[in-house]
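Since the structure comes first, as structure tokens, the remarks are kept for the end.
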Amino acid sequence: MRNYLSLLFLAGLAFLLFVIAGQFEFGMAPMLVGSAINQASPEQVGAANIVTSVVLGYRAIDTLGELAILFAAATAGGLVLGHAGTSARHDPDAGFILRAAADVLFPLLLMVGLFIIVHGHLTPGGGFQGGVILAAAFFLPLLARPGTRFPHGSFAIVEGIAGAAFIVTGLLALLTGGEFLQPLLGQGEMGGLLSAGTLPLLYIAVGLKVGTELAGLMAHIAEYEALDP
């Protein structure tokens, strides 16, 4: 009976997909919302990167939800793994070559991450991608020098300020009579660094929050793995 029910379900699903696909002309994908955003975004938001207009403008509340999920995951990981105490063993350094490479790559990764964050409204990238690069930049020295103390307190402060700045920017938009996280400060010149209103500021907040959360989580994992068996 279970097999027959499964076949019946698959047949119904196939029929449904066939009917839906038959409503559209071949090769003509319906892009009603996407087309509307492409047409309205330059005038309403002013960001050269349309993806930024969507992520931080039209569906910014979803982005806030994603940040909340990342915060919950990083907090849970820190609570579970953040009790290494003083029993962690200090492994020897990774060697001169890896230490030197980490010292060279740290400022380069830092600049690349910040560049991607600041230019997220102009080119592909933004706060999430740049934040991951920042996290890698701060985690790399821990790999080259095991046992190095990670400044969890300082990173937690930066994370809190970045998250609060994101929310406060949205509340300011509400107080001025707009929608939550609606761009403020004017649109500027399309394609310029100072354009798209507060969207670049939001991406900076997102980048710092993502970077500090991921770096702290990876540091907790490294400290947990360094515990004596």
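Taken together, the values in this text are just the output of simple stated rules run on the coordinates, not laboratory data. Owing to the predicted nature of the structure, the values given are computational and were not obtained by experimental measurement. Cβ: placed from backbone, ideal geometry, glycine included. Neighbour counts: every protein chain shown.
Side notes on the structure shown:
- Gaussian network model of the chain, springs between alpha carbon atoms under 10 Å - residue of Pro107, Pro151, Pro200 with greatest fluctuation: Pro151
- GluC sites (Glu not before Pro), loop per DSSP, at most 13 other Cβ atoms within 10 Å - longest free stretch of the chain: 26-178
- For Leu172 and Val51, the difference between the fully extended length at 0.36 nm per residue and the C-alpha to C-alpha distance is 41.3 nm.
- For the chain, the longest principal axis of the alpha carbon atoms and the long axis of helix 32-44 meet at an angle near 70°.
- Between the stretch 153-167 and the stretch 171-217, the alpha-carbon center distance in angstrom: 15 Å
- Matching label, Cα extents along the principal axes in Å computed from the structure shown, candidates [x] 66, 36, 31; [y] 46, 38, 36; [z] 65, 64, 36: [z]
- Exposure rule at most 16 other beta-carbon atoms within 10 Å, DSSP loop chymotrypsin sites (Phe, Trp or Tyr not before Pro): the chain longest free segment: 27-179
- Were the residues from Phe180 through Ala14 laid out at 0.36 nm apart, the gain over their Cα-Cα distance would be 55.7 nm.
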